[in-house]
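K.L.:
Provided herewith is a single structure, encoded as structure tokens, for subsequent inquiry.
We did not get these values from a lab; they are worked out from the coordinates using the rules stated. Every value quoted in this text rests on a predicted model; they were computed, and no experiment measured them. All Cβ positions, even for glycine, are placed from backbone atoms using ideal geometry, and neighbour counts span all protein chains on display.
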Amino acid sequence: MSRGEDAYENFLKGYNCSQSVVLAFSDVIGIEKDKLAVIISGFGGGMGRMREVCGCFSGIVMVLSEVYGYSDPKNIAQKKVLYEKIRAAAEQFKRDNGSIICKELLGLKKPEESAQPEERTPEYYKKRPCPKICKYAAELAEKFITEK
């Protein structure tokens, strides 16, 4: 199974968008899946379902941070590399999806109306592009990793 397919399936299992993408890279990140799911859980639904930055894109940022990130605050060169990768990923994500903002991707006029979690039913999946965007995001993150 590809990472994109894994992210898609993770969403269908009930994980939020950020969890779905990041869990597809648990081997790269090196954190046990249950712990990783907890760490990224608040980024779903555009950060706490506020419908701001797409959770799938937040997942990409976490994966790229693991691969290209830095721990030394004085490592300006590595910071530059990471930020360039994130900006490039954001531009690609926007080109292919129209936005990195959750409410825009969902076409919501009043995002506050969808602030509460919904039951995952067949009707839910019919009105949400989220599983497909999870797949796309994992594939995009993988593309940026293989460039390294």
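K.L.:
I need the P(r) histogram for the chain: all alpha carbon pairs, bin width 5 Å from 0 out to the longest distance, whole percents.
P.N.:
2, 10, 20, 23, 20, 13, 7, 3, 1, 0
K.L.:
OK, next. Could you check how many percent of all C-alpha pairs in the range 8-93 are farther apart than 21 Å?
P.N.:
Within the range 8-93, distances greater than 21 Å cover 32 percent of Cα pairs.
K.L.:
Once the cut-off is 17 Å, how many percent of the Cα-Cα pairs in the range 69-148 end up in the long-distance tail?
P.N.:
The proportion of pairs with Cα distances above 17 Å equals 60 percent.
K.L.:
Okay, next question. Counting other C-beta atoms within 10 Å, which of M62, M47 has the fewest, and how do the rest follow?
P.N.:
Details: M62 20, M47 16.
With the fewest neighbours first, M62, M47 line up as M47, M62.
K.L.:
Give me E142, E32 sorted ascending by neighbouring Cβ count inside 10 Å, so fewest comes first.
P.N.:
E32, E142
K.L.:
Follow-up question, since we're still on this one. Skipping prolines and chain starts, which residues have an amide H placed within reach, meaning under 5 Å, of the one on I101, given they are 5 or more residues away or on another chain?
P.N.:
Placed amide hydrogens put C54 under 5 Å from I101.
K.L.:
In debye, nearest 20: dipole of the range 61-148 around its Cα centre with unit charges on the Cβ of K, R (+) and D, E (-)?
P.N.:
Using Cβ point charges on Lys, Arg, Asp and Glu, the range 61-148 gives about 200 debye.
K.L.:
Please report how far the C-alpha centroid of the range 26-40 lies from that of the range 83-106, rounded to the nearest whole angstrom.
P.N.:
23 Å
K.L.:
Could you line up L36, L12 from fewest to most neighbouring Cβ atoms inside 10 Å?
P.N.:
L12, L36
K.L.:
At 0.36 nm per residue, minus the direct Cα-Cα distance, what do E147 and D34 gain on full extension? Give it in nm, one decimal, please.
P.N.:
Full-extension gain reported as 37.9 nm.
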